[in-house]
Amino acid sequence: SAVISQKPSRDICQRGTSLTIQCQVDSQVTMMFWYRQQPGQSLTLIATANQGSEATYESGFVIDKFPISRPNLTFSTLTVSNMSPEDSSIYLCSATTSGRGLYEQYFGPGTRLTVT
Amino acid sequence: RKEVEQDPGPFNVPEGATVAFNCTYSNSASQSFFWYRQDCRKEPKLLMSVYSSGNEDGRFTAQLNRASQYISLLIRDSKLSDSATYLCVVNQGSYQLTFGKGTKLSVIP
């Protein structure tokens, strides 16, 4: 498995501002992903973070709103841009490792975002 | 039809009980299946991968029925520490995972 850290762990932001969330993995991983989990809901995939190229976004999520970077195999950032109260959620980073559990994903502790 | 459906719960069971969760998935091309556990205000953690005909890990048994597109998780001798939300998760041929909404379990002393 991989150990994943995220920062910040939580933040309270004003409407119209942007927040960048960082995700660091302790080992080289194959894939990195960003999810959102709204209160009382399950996880929704925002995008796959591709190393050195543009992220692959899921339906309903766009690069202008959620720009993502992945400059190397162990680090990625997600920016929540021009925030509104509807963006209040938990944002989670995950990663897969190569090997036996090829599709097993491990999650960071999440970033709890509140937009006022 | 939702891609991954789970028992709505919540399940409230006494310590020592056996409890089973069910999950169905809609995409017959799905290739890998998992159960994750999520504690309140924590991230999901992989509990078990579910292999072809099922597998067991201590008190936990997962089963897969591809013909019926059905996955189950059985917990024997429930402990207080088993209280959590259990997420059924399906991989559909890429690295992307689809999560069910989860079933909440409360084990009562």
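If every alpha-carbon in the protein assembly as shown counts as one equal scatterer, what log10 I(q)/I(0) does Debye give at q = 0.07, 0.09, 0.15, 0.18 1/Å? Summing over Cα pairs of the protein assembly as shown leads to -0.23, -0.37, -1.01, -1.33.
Database note for the protein assembly as shown: Cys without another Cys beta carbon under 4.7 angstrom, A:13, B:40. For segment B:1-104, the set of trypsin sites (Lys or Arg not before Pro) satisfying both a DSSP loop assignment and a count of at most 15 other C-beta atoms within 10 Å is given as B:1, B:2, B:41, B:42, B:59, B:66, B:76, B:79. Counting Lys and Arg as +1 and Asp and Glu as -1 over every other residue whose Cβ lies under 14 Å from the Cβ of residue B:33, the net charge comes to -2. Each other residue within a Cβ distance under 15 Å of residue A:48 adds +1 if Lys or Arg and -1 if Asp or Glu, for a net charge of 0. What would the Debye formula give as log10 I(q)/I(0) at q = 0.18 Å⁻¹ for the alpha-carbon point model of chain B, no solvent? Ignoring solvent entirely, the Cα scatterers give -0.83. What shape does segment A:54-116 have by the C-alpha gyration tensor, where a ≥ b ≥ c are the square roots of the eigenvalues, rounded means a/c under 1.5, and otherwise prolate means a/b greater than b/c and oblate the rest? The shape class here is prolate. Extent along the principal axes, Cα only, for chain A: 43, 28, 23 Å, with the longest axis given first. Using the Cβ-Cβ distance between residue A:114 and residue B:56 with R0 set to 45 Å, the FRET efficiency works out to roughly 0.60.
The modelled label-to-label distance for the pair residue B:74/residue A:62, using points 7 Å beyond Cα in the direction of Cβ, is 5.0 nm.
Among the trypsin sites (Lys or Arg not before Pro) in segment A:1-39, those located in a DSSP loop and surrounded by at most 16 other Cβ atoms within 10 Å of their own Cβ are A:15. Per residue of A:41-50, other chain Cβ atoms within 10 Å of the residue Cβ number 4 on average. Taking label points 7 Å from Cα along the Cα-to-Cβ direction, residue B:108 and residue B:17 give a separation of 0.7 nm. Note on residue B:45: lysines with a C-alpha under 18 Å away, same-chain residues under 8 apart excluded, are B:79, B:101, B:104.
Peptide B:62-68 has a mean of 0 when you count, residue by residue, the C-beta atoms of other protein chains within 10 Å of its C-beta. With a 10 Å cut-off around each Cβ of B:33-42, the average count of Cβ atoms from other chains is 2.
Rule-based calculations on the coordinates, nothing more; no lab input. Only a predicted model underlies this, so the values are computations on that prediction, with no experimental measurement involved. Reconstructed Cβ throughout: ideal geometry from the backbone, glycine too, with neighbour counts over all protein chains shown.
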